Amino acid sequence: MRRMLLWLLLPFLLAACGAEPIWAPDEAVARAVYSSKEPPSVTLFTVINVNTGAGEHSALMINGSQRVMFDPAGTWYHPWVPERNDVHYGITDRMRVFYIDYHARETFWVLEQTVPVSLEVAEALRAEVEAYGAVPKAFCANAVTTVLSGMPGFEGIRTTMFPVPLSRAFAKLPGVVSDEHYDGDPDDNSGVLMIHPGEIAPGIKAPSQG
């Protein structure tokens, strides 16, 4: 039985060797820093399969002295959002919408759950995700639950590999506010990443999209 379990887990163990580190330069991160006027909070995003109800992805948006997105093993990318090992900097309101729109389509919907926290907790959680390192594929919920479970107020979050059980545990936190995002767009979500003139910072030339 133990040998059989090892064979079943082998693809996940091999995937753990494939996480590629990404490290944006200091100047790019400093330029992208965004501070929201909203109170400190932590938001869990869960991507759910429309047909099966299975969880496909988990990510955290942390709003403290600055707002960042911890998108472990995620595929979301935007040229104006520098990344360091699955932590994305410069999550403005527009980028938050882009993130949701990238994942919500005809086959997936996005559950957004937000809980208020102290600034101290938000800053401690940001430090945790910054130190976590690149996350291998299929370990998104595991990474999110690992960093949350050690934070004050999140002691009830147990480590799991599955996004839906994580979202259910998150829903039990005091003060949680939930929102559901649906979109009938086709599965090809490449257009979400196109750059529009209003997104280009002054003095910065837009990269070629060819």
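Before moving on, here are some points about what is shown:
- Cβ crowding within 10 Å averaged over residues, with 171-178, 84-91, 51-58 ranked highest first: 84-91, 51-58, 171-178
- Here the alpha carbons of the stretch 23-187 define both size measures, Rg and Dmax, at 14.7, 43 Å.
- Net charge of Cβ neighbours under 12 Å - reference residue 74; Lys, Arg +1; Asp, Glu -1: -3
- For residue 185, the amide hydrogen comes within under 5 Å of the amide hydrogens of 106, counting only partners 5 or more places away or on other chains and with H modelled in the peptide plane.
- Proximal charge balance of residue 135 [Cβ under 11 Å; K/R count +1, D/E count -1]: -2
Every number in this text was worked out from the coordinates using simple rules, so none of it is lab data. All values reported here derive from a predicted model rather than from experimental measurement. Using ideal geometry, Cβ is built from the backbone for each residue, glycine included, and neighbour counts are taken over all protein chains shown.
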